[in-house]
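The values are calculated or read from the model by the stated rules, or taken from the named source; none is laboratory data. Quick caveat, the model's predicted, so the values are computed rather than measured. So basically every Cβ, Gly included, is an ideal-geometry build from the backbone, and we count neighbours across all protein chains shown. Just so you know, the surface numbers come from the protein's heavy atoms only, side chains and all, with ligands and any DNA or RNA stripped out. Shrake-Rupley method; radii C 1.70, N 1.55, O 1.52, S 1.80 Å.
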Amino acid sequence: KGGILTIIRDNEPMKGERWIIGGRIERGMKTEDSLTEKVKKECGLDIYDIKYLGSARVFQNTEPFGHGKGADNPVFVYFARGKGEIKLDAFHKDIEIITPEKYKTLRKSLHPYIQDFMDEAMKLI
């Protein structure tokens with residue numbers, strides 16, 4: 001639809017943040033296969049034309065281990081085109097498709113990691 005699919009996370013980490021679909025690489029799977037499976041599970045879309053955009057680090061105050069130090073996660077960032085009907089899982093809500101025009105006004109309100117990703121992804125739309 002000419003933009004990037006974003007959601008509000010309804011679970012930790014990053015609960016309440018406008019975010020993108022994704023997640024951990026499933027053990028033993030190729031990265032792109034895991035990505036394809038995650039996107040299908042989290043939002044119901046089939047993806048194609050997958051492009052690797054680079055790596056990044058996401059710093060979070062919350063973390064799953066209970067040690068109180070937050071998290072520092074290395075991530076691989078991809079862009080893909082999606083098709084199908086969007087059906088969010090229970091961990092995401094409030095779909096918003098951010099077009100390049102809308103991004104100009106929303107950029108500063110987004111998490112720095114999302115800004116970096118969106119800056120690159122907008123060039124591909």
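Observations on the structure shown:
- Given a 1.4 Å probe and the protein chains as shown, residue 120 ends up with an accessible area of around 80 Å².
- Only protein heavy atoms count here; under a 1.4 Å probe, residue 62 has an accessible surface of about 50 Å².
- Each 10 Å bin from 0 upward holds the following percent of the Cα-Cα pairs of the chain: 12, 44, 38, 6, 0.
- Paramagnetic reach from residue 56 (point 7 Å along Cα→Cβ, amide N under 15 Å) across region 78-103: 78-80, 98, 103
- With the whole protein complex present, residue 106 retains an accessible surface near 50 Å², based on a 1.4 Å probe.
- Taking every DSSP helix (H) stretch of at least 4 residues in the chain, weighting each as -39,500 (n - 2.57) and dividing the sum by the residue count yields a mean residue ellipticity at 222 nm of -7500 deg cm²/dmol.
- Under the convention that each Lys and Arg Cβ holds +1 and each Asp and Glu Cβ holds -1, the size of the dipole of region 31-125 around its Cα centre is about 260 debye.
- Rg and Dmax of region 54-116, based on Cα coordinates, read 14.8, 41 Å.
- Put 9, 27, 81 in order of accessible area, highest first, and with a 1.4 Å probe you get 27, 81, 9.
- Förster radius 30 Å - calculated FRET efficiency between residue 124 and residue 93, Cβ distance, rounded to 0.05: 0.70
- Restraint check, 41/123; 38/102; 30/102, Cα-Cα greater than 30 Å: 30/102
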